[in-house]
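One structure is given below, encoded as structure tokens.
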Amino acid sequence: MELALEAGHLLLENGAEIFRVEETMDRICHYYGVESGNAFVLSNGIFATAGDEREHFFAKVQHIPVSGAHLDKVAAVNQLSREISQGKYTVAEARAALQTIKSMPGKRKITQILASGVGSGAFCYLFGGTLTDGLCALTAGTLLYIFVLYISGPRLSKIVGNILGGALVTLVCSALFLLRGGGQLDYMIIGSIMPLIPGVPFTNAIRDIADGDYISGSVRMLDALLVFFCIAIGVGMAYSLMMGALGGDVL
């Protein structure tokens, strides 16, 4: 049960869907002979119990804060659960493998910054911008993730960080637009804010609701919508500031 709980915890905190967490925990329990195991999973917590007249009693609750998605760890735990079902691990070996997955290093900061810049430029171009607009969005997206990794993430709340992130890319894109660096400000801004968009949590929220996990799906949906709302506030505030400073429409 401890092993199943650890696996569920690792999945949930890294962005897995509710049904995936419950299925993995059930698979582990059944393989190791715990027929009375039950798990109730929410978006930020797991309630695990076991026990009847034939098995020892077990009950444990774990709180898991809502965080970002790390799909490499989710995939690794999924593969581990399949290998457990194939009889490749004892309980001790499986727990050691889980610790190895838990300590997997994340992407380097320079990789995340470059990915944000390239992604912003590519989205700008796909949405209809020119190559010049894409280069401006690349610059804004790069500066955005420097802000996210070194200022917003470690020092600011999620709400404030998203508002300031949306404002930052709007100000950078507006400045480049006024310097004739790009020709379509709207596409530049849209491409640049894409690294902030919670696409995986929003998709998982829809999947949870579709699977009947209404509480968890609603919580995740609300969290994603709050991010959208904060980004919109930041973009609107920065755009209004630019219009007020210039005495007219930036466009």
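The values are calculated or read from the model by the stated rules, or taken from the named source; none is laboratory data. These numbers were taken from a predicted model, which means no experiment stands behind them. Every residue, glycine as well, gets a Cβ built from its backbone with ideal geometry; the counts of neighbours run over all protein chains shown. Protein only, heavy atoms only, side chains kept; ligands, DNA and RNA dropped before computing areas. Shrake-Rupley method; radii C 1.70, N 1.55, O 1.52, S 1.80 Å.
Some points to look at:
- Figure note: V219, V118, V148 ranked by solvent-accessible area, largest first, 1.4 Å probe, ligands and nucleic acids not counted: V118, V219, V148.
- Degrees between helix 91-102 axis and first principal axis of the chain (Cα, 0 to 90, nearest 10): 10 degrees
- The convex hull drawn around the Cα atoms of the stretch 158-251, when projected onto a plane and averaged over every direction, covers 6.4 nm².
- Residue among D52, D186, D223 with the largest mean-square fluctuation in a Gaussian network model of the chain, springs linking Cα atoms under 10 Å: D52
- Solvent-accessible area per residue in the stretch 111-208 equals 47 Å², computed with a 1.4 angstrom probe and all protein chains kept.
- Farthest towards the positive end of the charge dipole of the chain, among the residues L196, I215, L225, is the Cα of L196, using unit charges on the Cβ of Lys, Arg, Asp and Glu.
- Considering only N162, M25, S120, and ranking their Cα positions along the charge dipole of the chain that arises from unit charges at the beta-carbon of Lys, Arg, Asp and Glu, the one farthest toward the positive end is S120.
- Cross-linked pairs K60/K109; K60/K88; K102/K158: Cα-Cα separations exceed 29 Å for K60/K109.
- Of the whole protein surface, H70 contributes about 90 Å² of accessible area at a 1.4 Å probe radius.
- Gaussian network model of the chain, Cα within-10 Å springs - most flexible of G199, G234, G51: G51
- The orientation-averaged projection of the convex hull spanning the C-alpha atoms of the stretch 153-205 amounts to 4.5 square nanometres.
- Label point at R180 placed 7 Å out along Cα→Cβ; residues across the stretch 121-162 whose backbone nitrogen lies under 18 Å: 130-136
- Taken along the Cα-to-beta-carbon direction at a fixed 7 Å, the label points for Y150 and H63 span 3.4 nm.
- Simple Cβ-charge dipole of the chain, Lys/Arg +1 and Asp/Glu -1, about Cα centre, in debye nearest 20: 940 debye
- Full-extension gain in nm, I110 to L126, via 0.36 nm per residue minus C-alpha separation: 3.3 nm
- Calculated log10 I(q)/I(0) by the Debye sum over Cα atoms at q = 0.09, 0.15 Å⁻¹ (choose from [x] -0.39, -1.03; [y] -0.50, -1.02; [z] -0.45, -1.16), label: [y]
- Most mobile listed residue (T132, T100, T203) in the chain, GNM with C-alpha springs under 10 Å: T100
- Taking GluC sites (Glu not before Pro) in DSSP loop states with no more than 14 other Cβ atoms inside 10 Å as exposed sites, the chain has its longest site-free stretch at 56-251.
- L131 exposes around 130 Å² of accessible area when a 1.4 Å probe is run over every protein chain in place.
- Dividing the mean sequence gap of close Cα pairs (under 8 Å, 6+ apart) by how many residues the chain holds gives a relative contact order of 17 percent.
- Between helix 199-210 and the chain there is an angle of about 50 degrees, using the helix long axis and the longest principal axis of the Cα atoms.
- Taking the DSSP bridge list for the chain and keeping only pairs wholly inside it, about 100 percent are antiparallel.
- Kirkwood-based shape ratio for the stretch 100-170, expressed as Rg/Rh from alpha carbons: 1.06
- Given a 1.4 Å probe and the protein chains as shown, M25 ends up with an accessible area of around 0 Å².
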